[in-house]
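The values are calculated or read from the model by the stated rules, or taken from the named source; none is laboratory data. Note that the structure is predicted; figures quoted are calculated from it, not measured. Virtual Cβ from ideal backbone geometry, glycine too; neighbours counted across all protein chains shown. Keep in mind that these areas ignore ligands, DNA and RNA; they rest on the heavy atoms of the full protein, side chains included. Shrake-Rupley method; radii C 1.70, N 1.55, O 1.52, S 1.80 Å.
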Amino acid sequence: MTDLSWLIARPVAHRGFHDMNKTRWENTLSAFAAAAERGYAIECDVHISSDGVPVIIHDGDLKRLTGEDGFVWQRTAAELAALKVGGTADHVPTLQEALDLIDGRVPLVVELKGVAGHDTGLVASVGRLLKRYKGKVAIMSFDHWLIRDFAKDAPGIPGGLTAYGKDNQLIEAHFAMLAHNLAFTSYAAGDLPNPFVSFVREKLRMPVITWTVHDQPAVDLTFKYADQMTFEGFEPDLVRVA
């Protein structure tokens with residue numbers, strides 16, 4: 001089994017260490033620099049541009065983050081780079097720009113954002129970039145059709161399931177994904193505890209991180225039922241307090 005102790009060794013800054021989009025916005029190079037300077041691991045979100053380049057942005061729709069109409073998949077990487085995030089000096093970065101900036105200083109967890117019918121090549125393009133990267137890195141997704149491509153298109157890179165929910169239908173769907181060589185799980189903190197997380201953590205010894213932690217009750221839930229948190233809106237200590 002791959003050693004993923006690095007994944008749970010330090011808190012994970014959700015979309016980088018931003019300030020809730022006041023002056024330093026989510027998923028920007030500024031947010032990633034701030035996280036790395038503080039020693040936090042970093043989570044980021046990746047879509048694929050119209051010309052096949054992995055770009056870092058959470059929403060498929062450009063409006064909230066750039067003020068522009070349309071979708072990420074309709075724009076080239078260069079066109080996206082020309083867009084300012086939240087009216088700041090930060091642009092929509094490529095994954096390669098983030099890798100160059102972080103440069104192995106802290107771990108990186110890349111969440112792949114699927115858009116059905118418009119994400120062909122996303123896993124493979126991310127896999128090619130990360131294969132050359134020397135730092136600690138993992139990939140994950142909510143989207144089962146992307147996870148099914150992890151082993152083929154991003155071999156050797158730890159892959160995880162991003163998930164939520166407590167109802168039986170969702171839990172069963174999560175269990176079904178264990179057939180795809182998952183290495184870890186990122187689970188909604190508010191949906192702990194549940195049978196899936198208990199099973200993978202206790203029976204499979206699989207690391208579990210949580211999302212997205214904003215307050216002490218969520219911190220407490222995380223360290224009672226999981227191994228590490230993905231956080232935003234505060235500055236946690238680097239030392240984990242169980």
Residue match in the stretch 69-88 (condition: open to solvent by 20 Å² or more (accessible area, probe 1.4 Å) and closer than 30 Å to Ile8 by Cβ): no
If we keep just the residues of the stretch 61-75 that are on the phi < 0 side of the Ramachandran plot and part of a loop (DSSP other than H, G, I, E, B), which is nearest to the chain's Cα centre (by Cα)? Leu62
Can you confirm whether the stretch 86-95 contains a residue that is closer than 27 Å to Ile147 by Cα and assigned to a helix (DSSP H, G or I)? yes
For the structure I just gave you, tell me whether Glu111 is in a helix (DSSP H, G or I), of a type in the set (D, E, K, R) and within 28 Å of Trp145 (Cβ to Cβ). no
Can you find a residue that is in a helix (DSSP H, G or I), hydrophobic (A, V, I, L, M, F, W, C) and in contact with a strand residue (DSSP E or B) (Cβ under 7 Å, 6 or more places away or on another chain) anywhere in the stretch 161-174? no
Scanning the stretch 91-123 for residues that are crowded, with 17+ Cβ neighbours inside 10 Å, closer than 21 Å to Arg38 by Cβ and of a type in the set (Asp, Glu) gives Glu97, Glu111
In the stretch 145-159, anything touching a His at 6+ places or on another chain (Cβ under 8 Å) and either modelled with pLDDT under 95 or not in a loop (DSSP other than H, G, I, E, B) (or both) is listed as Ile147, Phe150, Ala151, Gly159
What residue, of Ala188, Ala226, is in contact with a Pro (Cβ under 9 Å, 6 or more places away or on another chain) and under 26 Å from Glu26 (Cα atoms)? Ala226
Here are some conditions: (1) hydrophobic (A, V, I, L, M, F, W, C); (2) surrounded by 15 or more Cβ atoms within 10 Å (Cβ to Cβ); (3) out of contact with any Asp or Glu (no Cβ under 9 Å at 6 or more places or on another chain). Leu238 meets all but one. Which one does it not meet? (2)
Asp45 - would you say it is open to solvent by 10 Å² or more (accessible area, probe 1.4 Å) and either over 14 Å from the mean Cα position of the chain (by Cα) or closer than 17 Å to Lys136 by Cα (or both)? no
Would you mind finding the one in Pro155, Pro195 that is closer than 23 Å to Met229 by Cβ and loosely packed, with under 14 Cβ neighbours inside 10 Å? Pro195
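Consider Gly39 carefully, then state whether it is small (Gly, Ala, Ser) and open to solvent by 20 Å² or more (accessible area, probe 1.4 Å).
Taking the combined requirement at face value, the residue does not satisfy it.
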Screening Gly127, Gly165, Gly159, Gly104 for residues that are at positive phi and out of contact with any Gly (no Cβ under 7 Å at 6 or more places or on another chain) leaves only Gly165
